[in-house]
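The values are calculated or read from the model by the stated rules, or taken from the named source; none is laboratory data. Being a predicted model, the structure only gives us computed values, none of them experimental. Don't worry about glycine lacking a Cβ; one is built from the backbone with ideal geometry, like all the others, and counts go over all protein chains shown.
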């Protein structure tokens, strides 16, 4: 599902991507509709009958960029509402908002950021037998500071707070908040890039679990090395590799085991390529722990690979192709919910593509498709989505 959102947002914002690189302030507004056909709405198993549906989603997106005296600010959002023609119980608002900035502060660079998202929970994760109707809200606030200049020692620190809540009373026990602090000590040279040692502490808690139910806190410690560099004007990227340790509180209930911990390698990387005005691409990969708001899961070990490529056939027509593979290994809680069986984990593969027509008169049309394949002891499924985005850009 996240990959499909990425395709849609890429299409909706495609006309703004160039404009936002301008040093001048820029306001971009898109007003339109997304019509989607989904042949397996509830992500049911391949062995059972699938239920299809049409989804109508009126959408407004706004993006604003403004340069500052010593930096810039970028803010925007998306306001939409999903109407299901056959499953109206899933009708739900789809709201996103973000704020990103950067500014020079003495010999340092400060990068504050904030985001909010509210939507119907991904039905691929609603496989536990409980209610599928659930509005999931995510709030993320943070800031980072990196000191020094292009040559020499560069210390830095980052902090992020994340909160996830659910509207369903059944799922509210999986609400969580998490604090993440990362310290860095790096060395930078133009010919070398930036290489740094880092240390990270994450602390996640589940505030709505009954007292004494155990495992309401998960801590992750990691240390490693990171490297970032711009390889000319066309290729930029960064990688990191380290060692992590996950620790959960032991069970407070007699005869009930706590959540198992984990030790192992963590890594990640992002690569962006712009070969010309016509072709560009991105590649990312990661392995880390993810705090979970799934029933019966405290955290998961997630390994992910994603890639996308875009080609502008002309100033009017562009093509996009993307793919991803995600593997999640679940670590369950001793706070057991009757009937909840998610299995040990899952593997999900997605393939997608889109054709975008952006006319000189501000009309935008995008036709996209995505194929999903999931393998899981709890439920295997396949699903297909075809979406048509139409609208005006101002």
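Looking only at residues that are under 13 Å from residue 292 (Cβ atoms) and within 14 Å of the chain's Cα centre (by Cα) in the range 118-135, which one is modelled with the highest pLDDT? Only one residue fits best here, namely 121.
When the range 347-374 is filtered for residues that are part of a strand (DSSP E or B), over 21 Å from the mean Cα position of the chain (by Cα) and free of Cβ contacts under 8 Å to residues at least 40 places away in the same chain, the ones remaining, listed by number, are 355, 363, 365, 367.
Yes/no matrix, rows are residues, columns are (1) modelled with pLDDT of 90 or more; (2) within 23 Å of residue 141 (Cα to Cα); (3) outside any loop (DSSP other than H, G, I, E, B):
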residue	(1), (2), (3)
163	yes, yes, yes
200	yes, yes, yes
203	yes, yes, yes
250	no, no, no
265	yes, no, yes
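Just give me the residues in the range 117-135 being surrounded by fewer than 16 Cβ atoms within 10 Å (Cβ to Cβ) and assigned to a strand (DSSP E or B), in sequence order. Correct list: empty. In this structure, is residue 75 surrounded by fewer than 16 Cβ atoms within 10 Å (Cβ to Cβ), under 23 Å from the mean Cα position of the chain (by Cα), without any contact (Cβ under 8 Å) to a residue 24 or more places away in the chain and within 19 Å of residue 393 (Cβ to Cβ)? No: the conditions fail for residue 75.
Looking only at the range 89-116, residues that are within 23 Å of the chain's Cα centre (by Cα), surrounded by 15 or more Cβ atoms within 10 Å (Cβ to Cβ) and assigned to a strand (DSSP E or B) come to 17 in all. Of the residues 138, 86, the single one that is part of a strand (DSSP E or B) and more than 30 Å from residue 195 (Cα to Cα) is 138. Can you tell me which residues in the range 1-41 are modelled with pLDDT under 95, closer than 21 Å to residue 322 by Cα, crowded, with 17+ Cβ neighbours inside 10 Å and touching a helix residue (DSSP H, G or I) at 6+ places or on another chain (Cβ under 9 Å)? Answer for the range 1-41, where residues must be modelled with pLDDT under 95, closer than 21 Å to residue 322 by Cα, crowded, with 17+ Cβ neighbours inside 10 Å and touching a helix residue (DSSP H, G or I) at 6+ places or on another chain (Cβ under 9 Å): just 13. Of all the listed residues (44, 61), the sole one being touching a helix residue (DSSP H, G or I) at 6+ places or on another chain (Cβ under 7 Å) and surrounded by 15 or more Cβ atoms within 10 Å (Cβ to Cβ) is 61. Considering the range 276-314, the residues that are surrounded by fewer than 17 Cβ atoms within 10 Å (Cβ to Cβ), in a loop (DSSP other than H, G, I, E, B) and in contact with a strand residue (DSSP E or B) (Cβ under 8 Å, 6 or more places away or on another chain) include one that is modelled with the highest pLDDT, namely 313. Of all residues in the range 156-183, those that are farther than 22 Å from residue 146 by Cα have Cβ atoms under 6 Å from Cβ atoms of residues that are assigned to a helix (DSSP H, G or I) and at pLDDT below 95, 6 or more apart or on another chain, in 166/172.
Scanning the range 176-196 for residues that are more than 30 Å from residue 216 (Cα to Cα) and assigned to a strand (DSSP E or B) yields 185, 186, 187, 188, 189, 193, 194, 195, 196.
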